Amino acid sequence: MDLITVKEAEDIIQLYVKDYGSEEVPYTMSSGRVLAEHLYADRDLPPFNRATVDGIAIRATAGAVGSKSFTIIGTQAAGEPPIAITTERACVEVMTGAALDPSLDAVIRYEDISVENGIATIKGAIDIKAGMNLHVRGKDKRKGEMVAAAPRLICPALIGLAASIGKTTLTVKKLPRVAIISTGDEMVPPESAPTPFQLRRSNGIVMQSVLQRYMIQADTYHLNDDIGLIRTTLAGLLKDYDVLLLSGGVSMGKFDYVPQALQELGVAKRFHKIRQRPGKPFWFGTHHESVVFAFPGNPVSVFMCLNRYFVPWLERSLKMPQSSGRMAVLGRDIEFKPPLQYFIQVQLETDKEGVIVATPFDSNGSGDFSNLIYANAFMELPLERTQFRKGELFKVWQYKN
């Protein structure tokens, strides 16, 4: 199969977006998940007329007749039963959040009164109106009204809202089961001392860390370059996981066994190789209900492909808002002559006019991932061109705030 374009690869992958259903979780464990049910108010919000300041509660009509002094008949804290008055000359000291009896409909701040011998007197001229310094019952939401629509990313504010309506269990989008598989005889565990000809593994932990942002606890595996071992292990993983994320073993080397093993296992190849740099040998396929993303082994290739292809697929599968794919202004001229779509590492910053500017980082190739900690996005430069000018707008895929 000929190399396909980035757009063609994206379109193919998006054909296999999948809804993994829903499940219930305690609201205290829901942060970062996607809400899969609408939430409704179980009573009016707020459920009573409540004071928004500390002061005295009065009947607003008292102001119309020029009353300035009021007899304090009681003090009421938030959460206590409301105290009623029977005359416009009376008032109740109330604290912020206190529920007001229907006989009271305005609150005057402590700053605007003086209190002496049980009498509260308004200082100066105040235009007293009904509803003054009150949060009126049902002003936010009425009982039965929707307070949050699904799908929606669950944030601390939504968790607080759920608590306020008594929703201690939330229905959320179910997460796919993900296995991360790195390959290569030359790759040793990070805690090991490599020989002069070996490398420490990093791709697996990078992918695992990205998935943790989506509350996915992926399992990790490492396979040496043994076709039998790769085939047998992948056969089991295809049965147990919804998504396989592989790194390495997908290029043209004699020990790149992953495509062969996947073919022998009946995994349908949807494409292999994209006209892009980095990440040209990227392989994607499907097997029954599972999807397989097999990235090249170079760290920058893995990181770019993960954020450009897998993350958008995952966010659409979970019905999450898309976290990237916006436009930015190129910060300096770039020239790139190979007939490939170039993803250059950039640092996104907002200038004083509010324009998002992408400053490119020079790289030593897809094995050089040191710049990834300083950059925060990849800028996608069009395939049809070789020269890209400062000030032009191009799409960026942000992986770090």
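The values are calculated or read from the model by the stated rules, or taken from the named source; none is laboratory data. Predicted model only: the values in this text are computed from it and were never measured. With ideal geometry, Cβ positions are generated from the backbone for all residues, glycine too; neighbour counts draw on all protein chains shown.
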*Check on Arg389, modelled with pLDDT of 95 or more and either among the β-branched types (Val, Ile, Thr) or out of contact with any helix residue (DSSP H, G or I) (no Cβ under 8 Å at 6 or more places or on another chain) (or both)*: yes
*What tally of residues in the stretch 202-230 results from selecting those that are closer than 19 Å to Lys254 by Cα, of a type in the set (D, E, K, R) and surrounded by fewer than 17 Cβ atoms within 10 Å (Cβ to Cβ)?*
1
_Quick check on the stretch 155-201: of everything there that is of a type in the set (Gly, Ala, Ser) and buried (at least 19 other Cβ atoms within 10 Å of the Cβ), which residue is farthest from the chain's Cα centre (by Cα)?_
Gly184
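Identify all residues within the stretch 373-390 that are touching a residue at least 60 places away in the same chain (Cβ under 8 Å) and either surrounded by fewer than 11 Cβ atoms within 10 Å (Cβ to Cβ) or not in a strand (DSSP E or B) (or both); write none if there are none.
Listed by number, the residues that qualify are Leu383, Lys390.
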*Tally, over the stretch 96-141, of residues that are hydrophobic (A, V, I, L, M, F, W, C) and over 19 Å from Thr71 (Cβ atoms)*: 6
*Would you tally the residues in the stretch 249-286 being over 15 Å from Leu3 (Cα atoms) and of a type in the set (A, V, I, L, M, F, W, C)?*
7
*Residue pairs meeting the criteria (Cβ under 8 Å; at least 6 apart or on separate chains; first assigned to a strand (DSSP E or B), in the stretch 30-45; second among the hydroxyl-bearing types (Ser, Thr, Tyr))*: Leu35/Thr171; Leu45/Ser164
*Restricting attention to the stretch 219-235, which residues are more than 10 Å from Leu265 (Cβ to Cβ) and free of Cβ contacts under 8 Å to residues at least 12 places away in the same chain?*
Gly228, Leu229
